[in-house]
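**Q** The structure under discussion is supplied below as structure tokens; questions concerning it will follow.
The values are calculated or read from the model by the stated rules, or taken from the named source; none is laboratory data. Computed from a prediction, not measured in an experiment: that's the story for all the values here. Using ideal geometry, Cβ is built from the backbone for each residue, glycine included, and neighbour counts are taken over all protein chains shown. Surface areas here come from the heavy atoms of the whole protein model, side chains and all, with no ligands, DNA or RNA. Shrake-Rupley method; radii C 1.70, N 1.55, O 1.52, S 1.80 Å.
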Amino acid sequence: MAIVTLLYLVYLLLPIALLLIGSVGEVWSNTLLPSGLTGRWYLDVVGDVSFRRAFESSLAVAGATVAISLAVGAPLAYAIAVAAHRGVTLAARIVYLLPIAAPPIVLAFGMMLVFSSDTLPYLGSTGVLIGGHIVLCLPYLLQALVADLRHLGIAELERAAESLGASFGQRFFDIVLPTLRHSLATGAITVAALSIGEFQVSNLIAGFTNRTYPVVLLQAFYGATGFACAATVILLALALAAAVGGALTAHGTSAAGGATS
């Protein structure tokens with residue numbers, strides 16, 4: 001088991017280590033490791049207008065994706081979790097998990113066909129790009145929220161509140177949402193990380209002015225290797241920050257749960 005774990009870690013960390021080394025290497029051409037040491041690649045990435053625009057576009061799309069996913073996901077997860085009929089719950093689960101089961105490129109081609117028509121000529125717009133990210137990210141949020149709602153026994157809490165005369169609005173805003181605050185925070189971080197790193201759908205439906213960071217990053221690998229490595233390390237840093245934030249939030253959830261119990 002230890003050998004398998006070690007091999008897995010090597011397989012996982014070796015490409016990341018090479019990216020880090022390449023991002024500070026002066027020249028890297030047909031050799032195992034680069035030669036020389038420099039920090040100019042990071043300065044070049046920061047000074048590149050297309051990368052700055054792509055970075056801003058990724059943050060804007062991720063922010064909108066998180067906001068809309070939370071606004072839609074919380075009530076939708078609640079409706080699924082408290083559904084009385086098991087058939088309805090199963091059907092809803094199948095529907096919202098479809099984007100995970102279907103390859104992203106299939107979804108992207110479908111969006112290209114729909115939004116490049118004369119009726120809906122919106123392919124390449126920011127709205128369509130945000131919609132594509134929501135379709136891909138919302139299932140992960142719903143999966144977590146529905147599981148947490150059932151684990152926390154929200155139906156029993158609601159019945160108790162209803163017996164005391166609480167209205168639906170009072171139950172949802174005073175019981176459901178506060179109960180899910182840690183889950184919503186963790187889900188928001190997960191959605192943001194998925195949105196920032198998403199490539200396949202963005203590459204096919206984004207317009208030239210709203211290309212996201214991963215799309216521009218691919219094009220960098222056709223040029224200077226050090227520049228591309230530095231740009232990739234920046235993306236990895238964002239993903240790592242999101243992972244750390246999610247872990248800290250999950251730890252806070254566990255700590256709060258332990259204190260409550």
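**Q** Could you state the accessible area per residue of the chain in Å², with a 1.4 Å probe and every protein chain left in place?
**A** 56 Å²
**Q** May I ask you to list the chymotrypsin sites (Phe, Trp or Tyr not before Pro) in the stretch 134-231 that are in a DSSP loop and have at most 16 other Cβ atoms within 10 Å of their Cβ?
**A** Those that pass, being in a loop and sparsely packed, are F199, F221, Y222.
**Q** Can you send over the solvent-accessible area of T190, 1.4 Å probe, protein chains only, in Å² to the nearest 10?
**A** 60 Å²
**Q** Taking the dipole about the Cα centre of the stretch 62-211, with the C-beta of Lys and Arg at +1 and of Asp and Glu at -1, give me whichever of H182, I205, T89 is farthest to the positive side.
**A** T89
**Q** Could I ask something else about it? Please report, in debye to the nearest 20, how large the charge dipole of the chain is about its Cα centre when each Lys and Arg carries +1 at its beta carbon and each Asp and Glu carries -1 there.
**A** Here the chain has a charge dipole of around 180 debye.
**Q** Heavy atoms only, 1.4 Å probe, whole protein assembly: order H133, H151, H182 by accessible area, highest first.
**A** Sorted descending by solvent-accessible area, the residues read H151, H182, H133.
**Q** Report the accessible area of E198, computed with a 1.4 Å probe over the heavy atoms of all protein chains in place, in Å² rounded to the nearest 10.
**A** 20 Å²
**Q** Over the stretch 62-211, what lengths in whole Å, largest first, do the semi-axes of the equivalent ellipsoid take, defined as the square roots of 5 times the eigenvalues of the alpha-carbon gyration tensor?
**A** In descending order the semi-axes read 33, 16, 13 Å.
**Q** Kindly identify the chain as rounded, prolate or oblate by the Cα gyration tensor criterion: order the square roots of the eigenvalues as a ≥ b ≥ c, call it rounded if a/c is under 1.5, otherwise compare a/b with b/c, prolate if a/b is larger, else oblate.
**A** prolate
**Q** Also, I was wondering about something else. Rounding to the nearest 20 debye, state how big the charge dipole of the stretch 62-211 is about its Cα centre with +1 on each Lys and Arg Cβ and -1 on each Asp and Glu Cβ.
**A** That gives the stretch 62-211 a dipole magnitude of about 140 debye.
**Q** Ok, one more. Let me know the charge dipole size of the stretch 1-151 about its Cα centre in debye, to the nearest 20, where only the beta-carbon of Lys, Arg (+1) and Asp, Glu (-1) is charged.
**A** I would put it at about 420 debye.
**Q** Work out the charge dipole of the stretch 1-118 with +1 on the Cβ of Lys and Arg and -1 on the Cβ of Asp and Glu about the Cα centre, then indicate which of V106, L76, L19 is farthest towards its positive end.
**A** L76
**Q** Now, a different point. Suppose we look only past 21 Å in the calculated P(r) of the stretch 59-125. What percent of the Cα-Cα pairs does that tail hold?
**A** 49 percent
**Q** Here is a follow-up. Using +1 at the Cβ of each Lys and Arg and -1 at the Cβ of each Asp and Glu in the chain, identify which of T5, L33, L236 lies farthest towards the dipole's positive end.
**A** T5
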